[in-house]
Amino acid sequence: MRAEWWKRLTPDQSQKLRELLAERYSDELHDVALVERAAEQLPYEHLRRVLRRIAARERQHAEWLRAKIRELGGTPPPPPELPEAPTWQEVLEAFESEKADQVEYLETAYGVRDPEVRELLERIQREEEENYRDLLEVVTRMESHTGRA
Ligand SMILES: [Fe+2]
Ligand SMILES: [Fe+2]
């Protein structure tokens, strides 16, 4: 059953909300693929585990978003394409984008009136903070292992 708030949205507003969620969904799947591939290449077991933990969180986020898009009558977009193996540079970019993710989620949550969607976005945002901390650990340790910046 659709919630009351949903019925009050104009078709334009509900379309916009689905698009927002779809955008976040694609971003999460992109991060899953990137971090998993980066983990495959990493010669350090401990850091591989940290990356896989991040990937698991991102996968869960994508799953939550997918369910919400469906619930709102939308169709989740197909998974984004990624180059074969991520470079270290891309991992660093992913790290940077985690900060952007948090801002994006906070701002989106702020603009959403529906309490359920807002709660979902805020929950994801809090977990992006954990991703950021985990990635910081990976980046710092990689730099000390390899001297790469
Ligand atoms: Fe995420
Ligand atoms: Fe993220």
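The values are calculated or read from the model by the stated rules, or taken from the named source; none is laboratory data. Note that the structure is predicted; figures quoted are calculated from it, not measured. Using ideal geometry, Cβ is built from the backbone for each residue, glycine included, and neighbour counts are taken over all protein chains shown.
Worth pointing out:
- Considering residues of the range 75-118 that are touching a His at 6+ places or on another chain (Cβ under 9 Å) and aliphatic (A, V, I, L, M) only, the residue farthest from LEU29 (Cα to Cα): ALA94
- Test: LEU29 is within 11 Å of ligand 1 (Cβ to nearest atom), modelled with pLDDT under 95 and surrounded by 14 or more Cβ atoms within 10 Å (Cβ to Cβ): yes
- Within the range 70-120, tally of residues that are among the aromatic types (Phe, Trp, Tyr) and over 17 Å from LEU42 (Cβ atoms): 2
Residue-wise test of (1) assigned to a loop (DSSP other than H, G, I, E, B); (2) within 13 Å of ligand 2 (Cβ to nearest atom); (3) over 20 Å from HIS145 (Cα atoms).
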residue	(1), (2), (3)
ARG37	no, no, no
GLU40	no, no, no
ARG57	no, yes, yes
ARG70	no, no, yes
GLY74	yes, no, yes
PRO80	yes, no, yes
GLU98	no, yes, yes
ARG118	no, no, yes
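- Residue check, GLN41 over 15 Å from the mean Cα position of the chain (by Cα) and loosely packed, with under 13 Cβ neighbours inside 10 Å: no
- Residue under evaluation PRO80, criteria (1) surrounded by fewer than 16 Cβ atoms within 10 Å (Cβ to Cβ); (2) more than 16 Å from ligand 1 (Cβ to nearest atom), criterion not met: (2)
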